[in-house]
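Remarks on the structure that follows.
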Amino acid sequence: MNAVQIKGLKKAFDEQLLVNIDELILEKGGRYALLGINGIGKSTLLRLISGQLSPDAGDITVNGRLIYQPQKAKIFNMTCLENVMIGMHN
């Protein structure tokens, strides 16, 4: 099973499209990095995946569950370093 599957995802703020993903699959157990300049939508994508934001269009499935409603995201309650270190221990 895929840990995260994204299809047709769009999110805009003030008419500026920050996230526009046709399809993205992040396999369970994989290690991934988001790279890009400031303001390109990296944090917005993470907030969409965690359920803190609702997409304007598209579907996000995390571990088989469709994500739409804001949820308390445990991983994002840590410092940046603690979040990065999670990947180092798996």
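The values are calculated or read from the model by the stated rules, or taken from the named source; none is laboratory data. Since the structure is predicted, the reported quantities are computational estimates derived from the model, not experimental observations. Every residue, glycine among them, receives a Cβ derived from its backbone with ideal geometry; neighbour counts consider all protein chains shown. With ligands, DNA and RNA removed, areas are computed over all heavy atoms of the protein, side chains included. Shrake-Rupley method; radii C 1.70, N 1.55, O 1.52, S 1.80 Å.
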- For residues that are in contact with a Lys or Arg (Cβ under 9 Å, 6 or more places away or on another chain) and modelled with pLDDT under 90, scanning just the range 1-49, find the one that is nearest to Met85 (Cα to Cα). Ala3
- Task: Look at the range 14-32 and say how many of its residues are open to solvent by 80 Å² or more (accessible area, probe 1.4 Å) and either part of a strand (DSSP E or B) or over 15 Å from Ala57 (Cβ atoms) (or both).
- Result: 10
- Message: Filter the range 53-72 down to the residues that are within 22 Å of Met85 (Cα to Cα) and open to solvent by 40 Å² or more (accessible area, probe 1.4 Å) and list them by number.
- Response: Asn63, Lys72
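If you take the residues of the range 1-54 that are of a type in the set (Lys, Arg) and within 10 Å of the chain's Cα centre (by Cα), which of them is farthest from Ile67 (Cα to Cα)?
As a first pass, look at the range 1-54 and keep what is of a type in the set (Lys, Arg): 7, 10-11, 28, 31, 42, 47.
Pick out the ones that are also within 10 Å of the chain's Cα centre (by Cα) and you get 42, 47.
Values: Lys42: 18, Arg47: 11 Å.
Checking each candidate, the answer is Lys42.
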